[in-house]
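Below is one structure, written out as structure tokens; comments come after it.
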């Protein structure tokens, strides 16, 4: 293979990689919003049945905390670490409230 052909193939591949990354990012956004909507629906059902609802949001918040911690681990952006810690704190608080309601 000639250098020009190798370079052309590498550039084509780079464009495909970037497109795949954008598709995954958009898919993740849509999945998070769908998850939030589904959590709201389940929460309303649990409230109507007089059941504790914090468990649903503690699971959802743990997903978001994990997402931020992974981004921080890979990109080393301090803001992702801070967001991860905040979401993890919210996860713990919601899980604690859930168990408190179960025992009380």
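The one condition from (1) in contact with a helix residue (DSSP H, G or I) (Cβ under 9 Å, 6 or more places away or on another chain); (2) over 21 Å from residue 102 (Cα atoms) that residue 75 does not meet is (1). Scanning segment 60-79 for residues that are within 25 Å of residue 38 (Cβ to Cβ) and without any contact (Cβ under 8 Å) to a residue 24 or more places away in the chain yields a count of 5.
Entry remark, segment 77-104: residues being under 19 Å from residue 21 (Cα atoms) and outside any helix (DSSP H, G or I) number 1 in total. Might you check whether a residue that is surrounded by fewer than 11 Cβ atoms within 10 Å (Cβ to Cβ), modelled with pLDDT of 95 or more and assigned to a helix (DSSP H, G or I) occurs anywhere in segment 66-76? No, segment 66-76 contains no residue that is surrounded by fewer than 11 Cβ atoms within 10 Å (Cβ to Cβ), modelled with pLDDT of 95 or more and assigned to a helix (DSSP H, G or I).
Could you check segment 41-58 and list, in sequence order, the residues that are touching a helix residue (DSSP H, G or I) at 6+ places or on another chain (Cβ under 8 Å) and assigned to a helix (DSSP H, G or I)?
Within segment 41-58, 42, 43, 46, 54, 55, 56, 57, 58 meet the criteria.
The values are calculated or read from the model by the stated rules, or taken from the named source; none is laboratory data. The model shown is predicted, which means the values in this text are computed figures rather than measured ones. Don't worry about glycine lacking a Cβ; one is built from the backbone with ideal geometry, like all the others, and counts go over all protein chains shown.
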